[in-house]
Amino acid sequence: MRTVYFREDHMARAIRKIHVRSTGCWEWTGTIDLRSGYGKAGNGVRYINKYGYPSEVKEQSHRVFYRHFIGPIPDGLELDHLCVNRKCSNPWHLEPVTSAENARRMMERRPFCINGHDKSLPGATYKRKGMPNFRGHCKICVMEQDRAYRDRVGQQTINEYARQRRAAKKAAALQV
Ligand SMILES: [Zn+2]
Ligand SMILES: [Zn+2]
């Protein structure tokens with residue numbers, strides 16, 4: 001078993017990955033879990049991975065920061081982002097709450113899109129293909145954007161682009 005040296009403490013490394021916003025949010029600039037939208041940070045627990053290299057257990061970045069600056073997270077509680085910014089790891093923007101309370105608050109906050117459409121209504125959000133699902137696109141806005149694009153370039157141009165894409169795909173398939 002080889003000896004493992006980490007040049008610095010996991011918190012020193014984590015703090016370098018923080019970008020402070022004017023809102024006071026400590027935004028995580030490291031890895032973001034695309035499914036949940038939360039930052040992923042090493043929590044200081046080390047192990048040797050299956051390739052024989054030193055590695056570190058990853059955890060949600062805001063949990064790592066909360067534990068370091070405030071203390072242990074009470075059992076069975078979730079950390080609620082009071083600033084509604086999942087990338088934020090500022091421990092003073094977090095509050096430990098029960099999962100029921102967290103869900104209730106999420107409903108109460110009723111997220112609005114940039115144009116003021118209520119995104120909490122059923123069917124108001126839209127998951128774009130290939131995009132992470134944590135950020136629901138506002139359906140009304142997407143439809144308006146599509147309509148504006150169609151008005152600008154015309155349906156014929158859109159059909160022509162689609163035809164070109166199909167032809168390119170076909171040509172690529174033939175080459176293989
Ligand atoms: Zn924040
Ligand atoms: Zn909208």
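Computed from the coordinates by the stated procedures, all read-outs in this text should not be read as laboratory data. Quick caveat, the model's predicted, so the values are computed rather than measured. Ideal geometry is used to build each Cβ from the backbone, glycine not excepted, and the neighbour counts take in all protein chains shown.
Before rounding to the nearest 500, sum -39500 (n - 2.57) across all DSSP H runs of length at least 4 in the chain and divide by the residue total; then give [θ] at 222 nm in deg cm²/dmol.
-11500 deg cm²/dmol
So, by mean Cβ neighbours within 10 angstrom, what's the order for 115-125, 60-70, 31-41 with the highest one leading?
Top to bottom by mean Cβ count within 10 Å: 60-70, 31-41, 115-125.
As a proxy for reagent exposure, ranking LEU82, LEU94 by other Cβ atoms within 10 Å from fewest up yields LEU82, LEU94. Relative to the current alpha-carbon distance between ARG35 and HIS137, full extension at 0.36 nm per residue lengthens the span by 35.2 nm. Cβ distances below 4.7 Å define possible disulfide partners, and in the chain the cysteines left without one are CYS83.
At q = 0.14, 0.16 Å⁻¹, what base-10 log of I(q)/I(0) does the Debye formula yield for the chain when every alpha carbon is treated as an equal point scatterer in vacuo? Listed by q, the Debye log ratios stand at -0.93, -1.04.
Applying 1/(1 + (r/R0)^6) with R0 = 35 Å to the Cβ-Cβ distance of ARG21 and LEU77 gives a FRET efficiency near 0.85.
Electrostatic bookkeeping for SER99 treats Lys and Arg as +1 and Asp and Glu as -1; over the other residues with beta carbon under 14 Å from its beta carbon, the sum is -3. Under 23 Å Cα to Cα from LYS58, which lysines show up? Leave out anything in the same chain fewer than 8 places away. Of all the lysines, those that pass the test against LYS58 - Cα under 23 Å, at least 8 places apart if same chain - are LYS17, LYS40, LYS50, LYS87. Sorted on the mean count of surrounding Cβ atoms within 10 Å across their residues, most packed first, peptides 46-52, 83-89, 154-160, 96-102 read 83-89, 96-102, 154-160, 46-52.
Using Cα pairs under 8 angstrom and six or more residues apart, how large is the relative contact order of the chain, in percent? Don't jump to the answer; show the numbers that get you there.
Values: 196 pairs, mean separation 24.3, N = 176.
Relative contact order here is 14 percent.
Modelled label positions at GLU160 and GLU8, each set 7 Å beyond Cα in the direction of Cβ, lie 5.5 nm from each other. Among rounded, prolate and oblate, which fits region 113-176 when a ≥ b ≥ c are the square roots of the eigenvalues of its C-alpha gyration tensor, a/c under 1.5 means rounded, and a/b larger than b/c means prolate? It is oblate, given that a/c is not under 1.5 and a/b is not larger than b/c. When the charge dipole of region 113-176 is built from unit charges on Cβ atoms (+1 for Lys and Arg, -1 for Asp and Glu) and taken about the Cα centre, the candidate among MET143, THR157, PRO122 whose Cα reaches farthest toward its positive end is THR157. The mean sequence distance of close C-alpha pairs (under 8 Å, at least 6 residues apart), as a share of the length of region 113-176, puts its relative contact order at 20 percent.
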